[in-house]
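The values are calculated or read from the model by the stated rules, or taken from the named source; none is laboratory data. These numbers come from a predicted model, not from an experiment. Counting neighbours? That spans all protein chains shown, and the Cβs are built from the backbone with ideal geometry, glycine included. Protein only, heavy atoms only, side chains kept; ligands, DNA and RNA dropped before computing areas. Shrake-Rupley method; radii C 1.70, N 1.55, O 1.52, S 1.80 Å.
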Amino acid sequence: MPRKLIGHCIALAVTLLTLSLPVMANDGIDTRINEAVKPFADTVATLVFVSFPVAGVQIPFVLVWLIFAATLFTFYFRFINFRAFRHGFQLVRGDYNDPTSAGEVTHFQALATALSGTVGLGNIAGVAVAVSLGGPGATFWMILAGLLGMSSKFVECTLGVKYRNEYTDGTVSGGPMYYLSKGLAERSPKLKTLGKVLAVLFAVFCIGGSFGGGNMFQANQSFVQLVSVTGGESSWLADKGWLFGLVIAVLVGLVVIGGIQSIAKVTSKIVPLMAVIYVTAGLVIVFMNLAEVPTAFMAIFTGAFSAEGISGGVIGVLFQGFKRASFSNEAGIGSAAIAHSAVKTNRPVTEGFVALYEPFVDTVVVCTITALVIVITGTWNPSVDPSQGVALTSMAFESSISWFPWVLTVAVVLFAFSTMISWSYYGLKAWTYLFGESMITDVVYKLLFLFFIVVGSSMQLGSVIDFSDAMIFAMAFPNILGIYFLLPVVKKELDEYWADYKAGKLKKFGKAANRA
């Protein structure tokens, strides 16, 4: 089926479905859907986020699962997150880009696509809530968790390339579904069944996550911010979420129809742009309050170890920081390995090095900028409503320059848009893993994804989105469990490549070859 015809079919279907949404919303169908889904969603969320008390603070087991794995990987690979940082930059810069390698995108494009899936509203809304509930000290633990998370990304993205499927038309499919099923079977015939079960579980969780946290939540929160800066309840847009959703769905559709190469081209432009816009805006606030910076850093450091007035004390602060970092950069979740698997390379470990930059940019840079703005402007509020994170960050920006919420709005919409196009690819690859690679399965998934963008903008489906969030973090259980069995595979790849790198055996290309 020609790609142009597919585009027309998708546009027509989404338009027809969308026309009924205003009526559906007015009839309260979103409330009815919410009530119907709530019992099941609450049960799933309770299972995924099961917690245990530590010093009076309820710690979700999934958070411990993620942080323990990140710490173990860091020590197992002898602090690869720091050792390979410089070489990772060389790879991102294109010094070793071999045009004859299998794959669809460059190292930089793969990184941009993965970053666009993680750098999103969590960096804006989530950090504001974390600093409010955990105090300035939460920033310290957030940075530490981000540094540890770099090792998790290294492992899962190396495996993603190692066990990807490469097709005759030049396309590839990779990610946890493939390294769990193929990798565990390769390690031992006894692990073959376990690998298949873990792969199917991961794919199911990934599809669920792509429709909610990677889609509806992004559309909903970006629409809320747009309405906020255009007049709130009196805004012309206030009751036109369906229209906003339709516009975003069309824009996303135009990108995702072209597959990973089209997505990578867009994200490689958007990610640097949105990072520059947001980080620059944050730095402007910091420099306008330069005298407060030393005090802010002192509050961050001392608050990390002496948390007076914070629920749970130091454990409460540590929990908030680790929680925000893990929920923001998704290290250990496995989603990013799907995007990184499309890279052009014949040495899987190279993409592991590139992936180090994902938690670094997402958490150590972007999240820290948000935290600094919140702390310096003094807008953090221990009694904050967790759903008002974007509003709190907007207030922090507005406290210095009245029109800065407009800059924040642009950043929010760009973050949401880029997250949606990346998660559409993650969900698609999980979908085709379960239902097969074909034009029909491809179109069906994309239609559903675009429709849910409009639904997310038009309706308040809290329980549906909560269920989807649970699905995203449920991905960590099969992913990390399988990775433990595959650590020797990654170590072998690393040792062989690192020996070649230190011996100067790696061939450089383009400008890098001329510099050499």
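Per-structure values
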| quantity | calculated |
| --- | --- |
| Taking segment 35-102 and dividing mean pair separation by its residue count, relative contact order in percent (alpha carbons under 8 Å, at least six apart) | 13 |
| Residues with amide H under 5 Å from that of residue 59, placed H, sequence gap 5 or more | 52, 54 |
| Sorted peptide list for 496-504, 161-169, criterion being average Cβ within 10 angstrom, highest first | 161-169, 496-504 |
| Under 11 Å, Cβ to Cβ, from residue 177 - net charge with Lys/Arg +1 and Asp/Glu -1 | +4 |
| Most to least accessible of 263, 143 (protein chains only, probe 1.4 Å) | 143, 263 |
| Between segment 315-352 and segment 139-168, the alpha-carbon center distance in angstrom | 4 |
| From the C-alpha gyration tensor of segment 96-196, square roots of 5λ in Å | 33, 20, 12 |
| Over 30 Å (Cα to Cα) - which of 38/162; 446/507; 240/429; 162/505; 323/508 fall in this group | 38/162; 446/507; 240/429; 323/508 |
| For peptides 240-250, 336-346, sequence by mean Cβ density within 10 Å, most packed first | 336-346, 240-250 |
| Alpha-carbon centroid distance for the pair segment 187-223 / segment 236-252, whole angstrom | 27 |
| Per-residue HN-Hα couplings for segment 347-353 [Karplus 6.51, -1.76, 1.60; θ = phi - 60°; Hz; x = Gly/Pro] | 10, x, 5, 4, 6, x, 5 |
| Karplus-derived HN-Hα couplings along segment 473-480 (A = 6.51, B = -1.76, C = 1.60, θ = phi - 60°), whole Hz, x at Gly and Pro | 7, 5, 4, 5, 5, x, 5, 5 |
| Per-residue SASA entry for residue 506, accessible area with 1.4 Å probe, Å² rounded to 10 | 40 |
| Per-residue ³J(HN,Hα) for segment 437-446, Karplus 6.51 cos²θ - 1.76 cosθ + 1.60, θ = phi - 60°, Hz, x for Gly and Pro | 7, 7, 5, 5, 4, 4, 5, 4, 4, 5 |
| Protection proxy ranking of 217-223, 479-485 - average other beta-carbon atoms within 10 Å, highest first | 217-223, 479-485 |
